[in-house]
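Encoded as structure tokens, the structure appears first; notes follow it.
Every read-out reported here was derived from the displayed coordinates using simple, explicitly stated rules and does not represent laboratory data. Predicted, not measured: the structure shown is a model, and the values here were computed from it. Here the Cβ positions follow ideal geometry from the backbone for every residue, glycine too, while neighbour counts run over all protein chains shown.
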Amino acid sequence: MTSDEQLLEEYVRGDQRAFGVLVERYQSELFAFLYRFVSDSAAAEDLFQETFVQVHKNVKSFDSSRRFRPWLFTIAANKARDYLRSVGRHEVHSYDRVAGADGETSFLELMEAVGDPPEVELGRGEDVERVQRVLAGLPGIYREVLVMAYFHDFSYREIAEMLGVPLGTVKSRLHGAMGIFAKAYKDGGE
């Protein structure tokens, strides 16, 4: 299997198909990340597209000695933070099924396509609405580290690098996030 970094290099050299492969590869995971971050499926879809537009615009500045995935998620997290700042205190929305495009063969269809909603990833047995409500209620600095660490398996070091903060800050934010999440979940997600 071709690595993400190799696909990006192929895209820089003019292989349009390589970019489509990257979009398809991260379609479900990145959408789920953004959805958990902003609690709005329409906004998450827009942010997904904006993220890949930003990747396209900055592809030549990517440091090929680094990994693509943390770079991609850094861009996505920044887009999500900007969105949340622009809407102020956001409302919590319920999970919606977002229809994907038929026949995901072209670049545009890949950009518009959305996989299964996050509830599938979280597991059918969990109280998905409650988890989402608790996540949405967390302060942004706690929500982002929790989503990155527990839902997307980034290491503490990767999170620190992505957020531009010291490793100890990531650990303390994650500790705080877990405490707040556990209390809110126990209290019913209110």
From fewest to most C-beta neighbours within 10 Å, the residues LYS183, LYS79, LYS60 line up as LYS60, LYS183, LYS79
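Shape call for segment 127-189 from the C-alpha gyration tensor, a ≥ b ≥ c root eigenvalues: rounded (a/c under 1.5), prolate (a/b greater than b/c) or oblate? Could the numbers behind the result be given before it?
Details: a/c = 2.60, a/b = 1.96, b/c = 1.33.
Note, shape of segment 127-189 comes out prolate.
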Using the beta-carbon distance between ARG17 and ALA42 and R0 = 30 Å, what value does 1/(1 + (r/R0)^6) give for FRET efficiency, to the nearest 0.05? 0.60
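Give the order of GLU10, GLU129 when sorted by the count of other beta carbons within 10 angstrom, beginning with the fewest.
GLU129, GLU10
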Test item: Cα-centred dipole of segment 144-185, Lys/Arg +1 and Asp/Glu -1 on Cβ, debye: 220
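With r defined as the distance between the Cβ atoms of LYS57 and ASP187 and R0 fixed at 30 Å, what FRET efficiency is calculated, to the nearest 0.05? Please list the in-between numbers first.
Values: r = 43 Å, r/R0 = 1.44.
Efficiency computed from Cβ-Cβ geometry: 0.10.
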On a straight-distance basis, which lysines could pair with LYS57 in a cross-link, Cα separation under 26 angstrom, same-chain partners fewer than 8 positions away excluded? LYS79
Listing THR51, THR2 by rising number of other beta-carbon atoms within 10 angstrom, fewest first, gives THR2, THR51
How about LYS186: which lysines have a C-alpha closer than 24 Å to its C-alpha, ignoring those fewer than 8 places off in the same chain? LYS171
